[in-house]
Amino acid sequence: MIIMSVDRGKARTGIAYSDKGETFAFPLEVITEYNEEKLIEKIAQKASDIKAELIVVGLPRRTDGSLGDSAEECMALAEKIKIKTGIETTLYDERFTTVSAHSALNATDTRGKKRKAVIDAVAATMILEDFLKYRKNRE
């Protein structure tokens, strides 16, 4: 099944997707959109383009595991995506994925504007990689 992940940020939203065998996660795009309705439309279009069968939305928990305002916003976003696309949508803990994405980009010496342009897609890829591992271990 092709799974798409969404990493919602304040200014940019990263999108990643898996192969049909759920083995690999690939960065797809970073969407820069402040209007939530337009953002949902763009996410729905990406899901349609790649024929996603499941959408994973990163859930930004605090380090203690509690939910804050950002988590509440992501939960609402996930529900709106599900309604718009008709595709099953789930939330997945994204703690530390942006930090990990920064570490990965440090390792490849990706800096400046290029880093800003890809960081959210890399974070979405890491969320999806973690989710794919979770699914495999659960089976």
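The values are calculated or read from the model by the stated rules, or taken from the named source; none is laboratory data. Computed from a predicted model, the values in this text were never measured in an experiment. Note that we place each Cβ from the backbone using ideal geometry, even for glycine, and neighbour counts take in every protein chain shown. When the accessible area is computed, the model is the full protein with side chains, heavy atoms only, and any ligands, DNA or RNA have been set aside. Shrake-Rupley method; radii C 1.70, N 1.55, O 1.52, S 1.80 Å.
Please sort 85-92, 49-56 by packing, taking for each peptide the average over its residues of neighbouring beta carbons within 10 angstrom, highest first. List each step's numbers first, then the result.
On the way: 85-92: 16.0, 49-56: 18.4.
Averaged packing, sorted descending, gives the order 49-56, 85-92.
Placing +1 on the Cβ of every Lys and Arg and -1 on the Cβ of every Asp and Glu, with nothing else charged, gives the range 1-75 a dipole about its Cα centre of roughly 140 debye.
Here's the list of aspartates and glutamates a cross-link from K133 could span, going by alpha-carbon distance under 14 Å and ignoring same-chain residues fewer than 8 apart: D19, E22, D93, E94. When all protein chains stay in place and ligands, DNA and RNA are ignored, the 1.4 Å accessible-area order of Y134, Y34, Y17, largest first, is Y34, Y134, Y17. Fully extending the segment from S66 to K38 would add 7.2 nm, taking 0.36 nm per residue of separation and subtracting the current Cα-Cα distance.
Using heavy atoms of the protein chains and a probe of 1.4 Å, the accessible area assigned to L28 is about 70 Å².
Taking all protein chains as shown and a probe of 1.4 angstrom, E72 keeps an accessible surface of around 100 Å².
Stretched out straight at 0.36 nm per residue, the stretch from A11 to E73 would grow longer than its current Cα-Cα span by 21.0 nm. Protein-only accessible surface at a 1.4 angstrom probe places the residues D130, D7 in the order D130, D7, largest first.
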